[in-house]
Amino acid sequence: MSTLKNFATVKVSKSIWALIGILIGLFLLTSFIDPYFFSIPAVGVTFALAAPLGLLAAGQTICMLTGGIDLSLAMIAAGAAFIVSVKSPSGTLNALLWGALFCIVVGSINGLAVGLFGMNPLIMTLGMNAVLIGVFTVGVTTFLKGSSSMPEILVTASNATFLFEPFSWPLVIWAVIGGALLFLLTKTGRLIYAIGDNAQAARLAGVKVWQVQWATYVICALLGGIGGVLIGGQSGAVAISLANPFLLPSVAAVVIGGTSIMGGIGNYTGTILGTLILTVLSYLLATINSSEAVKQMIYGAIILTLAWTYSKISQNS
């Protein structure tokens with residue numbers, strides 16, 4: 001058992017160092033093409049832009065560790081930002097509470113459907129995504145009619161520097177939440193890994209599997225909501241499609257970071273590096289004037305390639 005644990009630790013360590021090498025290589029290549037990218041302000045902007053993606057990818061990480069996924073996360077993020085903007089006239093704190101309540105409700109529905117009723121996570125969250133699109137499409141002209149601008153305090157916080165560059169408030173928020181998630185997965189996350197590895201065995205061992213899965217999807221939705229508010233704050237306005245460009249990258253960052261789509265294997269450290277790699281890659285593609293369609297094709301290719309790789313590894317193990 002000790003030998004196996006040491007082997008796993010070495011394997012993770014090697015993958016993390018490989019990701020760091022890729023990140024450094026991309027950073028140097030981007031800096032060579034655009035020397036401004038090597039400056040402290042540009043690094044600060046990169047971190048600020050990476051923060052929302054890092055939060056959405058955090059939610060996907062814990063879902064995928066249980067063997068699931070949340071394809072409704074982009075709409076949850078957009079919906080939370082939309083609700084905050086509409087409710088902002090009644091006070092920013094009240095608006096944020098409404099946004100959090102929305103995330104908890106949607107996350108609870110996803111979690112109960114997957115954990116208690118045994119629905120396939122992909123089908124359930126894809127269906128929830130369609131429902132949310134319909135609700136907000138109707139809502140913008142009826143019961144959700146109102147402001148489409150984010151509160152000024154959130155716009156400022158989403159773009160402001162924290163003390164000095166390259167630190168910003170989005171980076172600080174990401175660091176605090178990311179640190180808490182790392183602690184959770186390292187110290188108390190064994191149930192999440194156990195369920196992802198073998199849910200039936202975990203259930204026989206006395207684990208309340210459905211409760212863990214419910215909590216997982218609620219946390220995922222809340223992380224998506226925070227990310228959505230940051231995205232809305234950085235853009236200054238909200239729309240139904242606000243977070244759509246973040247869905248594929250949020251999954252790609254997780255699989256790049258080494259989390260298995262089969263569940264039970266991975267960590268958030270890898271996801272953080274995957275997030276930074278995709279953010280730098282996005283900057284590089286923007287520098288050479290690549291379209292959003294090209295970016296989505298690259299993200300999709302990354303997901304398919306790594307999914308195929310993990311599938312082969314699982315079959316051979």
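Brief remarks follow.
- For the stretch 150-263, the square roots a ≥ b ≥ c of the C-alpha gyration tensor eigenvalues yield an a/c of 1.5 or more together with a/b exceeding b/c, which makes the shape prolate.
- Measure of compaction for the stretch 206-262 (Cα Rg per 2.2 N^0.38 Å): 1.41
- Mean residue ellipticity (222 nm) of the chain, computed from DSSP H runs ≥ 4 via -39,500 (n - 2.57), nearest 500: -25000 deg cm²/dmol
- Mean separation of Cα contacts under 8 Å (6+ apart) over length of the chain, as relative contact order %: 32
- Alpha-carbon centroid distance for the pair the stretch 286-307 / the stretch 54-70, whole angstrom: 20
- Helical segments meeting 20 Å axial Cα length and Kyte-Doolittle 0.0 threshold in the chain (DSSP H): 2-33, 40-65, 73-87, 92-115, 121-139, 169-183, 209-235, 268-287, 292-316
- With the simple spin-label model, which puts each label point 7 Å out from Cα in the Cβ direction, the Met119 to Val138 separation comes to 1.7 nm.
- Expected-Rg normalisation [2.2 N^0.38 Å, Cα atoms] applied to the chain: 0.99
- Dipole magnitude of the chain, debye to nearest 20 (Cβ charges: Lys/Arg +1, Asp/Glu -1, about Cα centre): 740
- Long-range HN-HN contacts of Ser168 with modeled amide H, under 5 Å: Phe162
- The stretch 166-317: relative contact order as a whole-number percent, Cα under 8 Å and 6+ apart: 22
- Between the amide H of Gly257 and those of Gly274, distances stay under 5 Å, these residues lying 5 or more places away or on another chain, with hydrogens modeled in the peptide plane.
- Separation in nanometres of the label points that stand 7 Å from Cα toward Cβ, at Ser31 and Ile153: 3.9
A short reminder: the numbers here are calculations on the coordinates, not readings from a lab. Computed from a prediction, not measured in an experiment: that's the story for all the values here. Neighbour counts run over all protein chains shown; Cβ positions are idealised from the backbone, glycine included.
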